[in-house]
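To start, the structure under review is shown below, and the notes come after it.
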Amino acid sequence: MAAVRVIWLLVITIVYEVRCEEIRSDLFSKMKGKFYPTNHSLSLTKVHSELQCASLCVSQKCCLSAVIRQEDDGYVCRTLDTFIFQSDLVDDAMGSYMYKTDLKARSDFVWSAVNQTHLSGANMLIESEIPLADCRNLCSNTTYCMSVDYYLPASKCSLNGHTEAVSMVDFVFELDF
């Protein structure tokens, strides 16, 4: 009788491990064969699987996405506090890009001002004659918006899909911003 219980527990454990290797699509979307080369990250960690990288991102308050690359002794997982445009990803057979699909993922973020600068070329949407508070709200309610450029003299709002930390575009200094 005791031997039957031990076998039954082993079967349950094996089934649980097989099911646990899937990354839940309601939490993450994965782009296999894509990578983003950057030195910016929340963390850089050696992991044993893509699932472990996804779990690491879930455990970090401000993680929105991760790039993972398979190496000889496992995977290197770089968690990011931003989303990456699909057009900025590069082909890499050993890499994957994962991003959170939950629209509330940015709820822990706060606004931080970087005066007299703007991101050149990262604009997703441009609105004119809009107050700064409305510009911020528009970004907060727009999927994948990570920052705004606000041109004070014209009340012009540009929504960006990047922040200056990971942007591959120019971070430009101008007195009017």
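A short reminder: the numbers here are calculations on the coordinates, not readings from a lab. Owing to the predicted nature of the structure, the values given are computational and were not obtained by experimental measurement. Counting neighbours? That spans all protein chains shown, and the Cβs are built from the backbone with ideal geometry, glycine included.
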Worksheet item: Given the convex hull of the Cα atoms of the range 49-121, what is a quarter of its surface area in nm²?
Response: 6.4
Discussion item. Assuming 0.36 nm per residue, please report the length gained on full extension of the stretch MET94 to TRP111 beyond their Cα-Cα distance.
Written reply: 2.6 nm
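Full-extension gain between SER43 and SER128, please, as 0.36 nm times their residue separation minus the C-alpha to C-alpha distance.
Full extension from SER43 to SER128 adds 26.9 nm.
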Worksheet item: So which trypsin sites (Lys or Arg not before Pro) in the range 46-119 are both in a DSSP loop and have at most 12 other Cβ atoms within 10 Å of their Cβ?
Response: LYS61, LYS104
Item to complete: Describe numerically, in nm with one decimal, the distance between label points set 7 Å from Cα along Cα→Cβ at THR101 and at VAL58.
Response: 1.4
